[in-house]
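Comments concern the structure below.
The values are calculated or read from the model by the stated rules, or taken from the named source; none is laboratory data. This is a predicted model, so every value here is computed, not measured. Reconstructed Cβ throughout: ideal geometry from the backbone, glycine too, with neighbour counts over all protein chains shown.
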Amino acid sequence: MSRAAMDDAARDTATASDELRRYAKFSRPGQPSAHIVQLRQRQATARMDSARSKQAFLQAAQGFVRAAGLVVPARVSLESFVLGWISATSDRHTA
């Protein structure tokens, strides 16, 4: 999984949350409508996809850091370190 997959999953989660908020605001109390139930299911699926893509990215990043012999500084998340390293390395090669 790539960073783009993580961004797509996060965007899907935000979109589902926004839709759910918009429709839930005007719903009647009591049993939720079928549409609201579908939105909640879509939101849950988007959250799970987001979690899976982030976990896959972190596993790949951990393998990359070990294989490359890099050391992640203390108090820096693996995700931010790898993304910063990729950004810095790609900037250096494109310049």
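Among the candidates 70, 58, single out the residue that is part of a loop (DSSP other than H, G, I, E, B), touching a residue at least 12 places away in the same chain (Cβ under 8 Å), out of contact with any Lys or Arg (no Cβ under 6 Å at 6 or more places or on another chain) and surrounded by 11 or more Cβ atoms within 10 Å (Cβ to Cβ). First the steps, then the outcome.
Working: 58 fails: part of a loop (DSSP other than H, G, I, E, B).
The unique qualifying residue is 70.
Could you list all residues from the stretch 48-92 that are of a type in the set (S, T, N, Q) and within 20 Å of the chain's Cα centre (by Cα)?
Narrowing the stretch 48-92 to residues of a type in the set (S, T, N, Q): 50, 53, 55, 59, 62, 77, 80, 87, 89-90.
If the condition is that a residue be of a type in the set (S, T, N, Q) and within 20 Å of the chain's Cα centre (by Cα), then 50, 53, 55, 59, 62, 77, 80, 87 are the ones that fit.
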Hey, residue 53 hits all of (1) in contact with a Leu (Cβ under 9 Å, 6 or more places away or on another chain); (2) surrounded by 14 or more Cβ atoms within 10 Å (Cβ to Cβ); (3) among the polar types (S, T, N, Q) but one; which does it fall short on? (1)
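Find the residue count for the stretch 1-53, including only residues that are assigned to a helix (DSSP H, G or I) and either under 29 Å from residue 83 (Cα atoms) or charged (D, E, K, R) (or both). Talk me through it step by step, then tell me what you get.
Pass one, the stretch 1-53, residues assigned to a helix (DSSP H, G or I): 3-25, 34-53.
Still in the list and also either under 29 Å from residue 83 (Cα atoms) or charged (D, E, K, R) (or both): 3-19, 21-22, 25, 40, 42-53.
Matching residues across the stretch 1-53 total 33.
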Only one of (1) modelled with pLDDT of 85 or more; (2) surrounded by fewer than 16 Cβ atoms within 10 Å (Cβ to Cβ) does not apply to residue 24, and that is (1)
Take residue 80 and decide whether it is among the polar types (S, T, N, Q), assigned to a helix (DSSP H, G or I) and surrounded by 16 or more Cβ atoms within 10 Å (Cβ to Cβ). no
